[in-house]
Amino acid sequence: MPKYMLIMRGTDESNAAMMADIDKMMATTRQFIEEMVKAGVLLAAEGLDDPGQGVVVDFSGAAPVVTDGPYGETKELFGGFFLLDVASRQEAVEWAKRVPAAPGSKIEVRRVPGSDEVPQVRE
């Protein structure tokens, strides 16, 4: 079965809305995770720390430049993911439509290619 990643993307505004009632959001998310476990589709799920705690390594110039967060003027932030083992893209989309997300958030659905699909180094 193919794997799909549901990538949680939010804005500063949607992240603030989620944090406003974090206990409710966490309870709803735990329930959603339990549903995916019972359905046998969840392989992994992780959330990320506050963007202000991260850094960006920018390869635009001759040498990489490291900049501390917060990033400012970021329209969307990658906040975490669910990795699912489902039969089809449509099934992944159906799960994505059920992700507990704050208004303004987006869930990106991307297939994870199998190791047999990745070009191999030939010697």
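Whether a residue is crowded, with 16+ Cβ neighbours inside 10 Å and within 18 Å of the chain's Cα centre (by Cα) was assessed, and LEU77 passes this test. Take the conditions (1) at pLDDT below 95; (2) closer than 21 Å to MET5 by Cα; GLN90 misses just one of them, which is (1).
Could you count how many residues in region 96-111 are over 13 Å from the mean Cα position of the chain (by Cα) and modelled with pLDDT of 95 or more?
So the answer is 2.
I'd like to check something: does region 33-54 contain any residue that is in contact with a Phe, Trp or Tyr (Cβ under 9 Å, 6 or more places away or on another chain), surrounded by fewer than 16 Cβ atoms within 10 Å (Cβ to Cβ) and in a loop (DSSP other than H, G, I, E, B)? The answer is yes, given that some residue of region 33-54 is in contact with a Phe, Trp or Tyr (Cβ under 9 Å, 6 or more places away or on another chain), surrounded by fewer than 16 Cβ atoms within 10 Å (Cβ to Cβ) and in a loop (DSSP other than H, G, I, E, B).
If you go through region 66-87 and keep only what is modelled with pLDDT of 80 or more and among the polar types (S, T, N, Q), you end up with just THR67.
Within region 98-106, does at least one residue satisfy the condition of being among the basic types (Lys, Arg) and in contact with a strand residue (DSSP E or B) (Cβ under 6 Å, 6 or more places away or on another chain)? Spell out how you get there, then give the answer.
Just the residues of region 98-106 that are among the basic types (Lys, Arg), to begin with: 98, 106.
With in contact with a strand residue (DSSP E or B) (Cβ under 6 Å, 6 or more places away or on another chain) added as a condition, the list becomes 106.
Yes, some residue in region 98-106 is among the basic types (Lys, Arg) and in contact with a strand residue (DSSP E or B) (Cβ under 6 Å, 6 or more places away or on another chain).
The values are calculated or read from the model by the stated rules, or taken from the named source; none is laboratory data. Note that the coordinates shown come from a computational prediction; the quantities given were computed from them, not determined experimentally. Here Cβ is always computed from backbone atoms with ideal geometry, including for glycine, and neighbour counts include all displayed protein chains.
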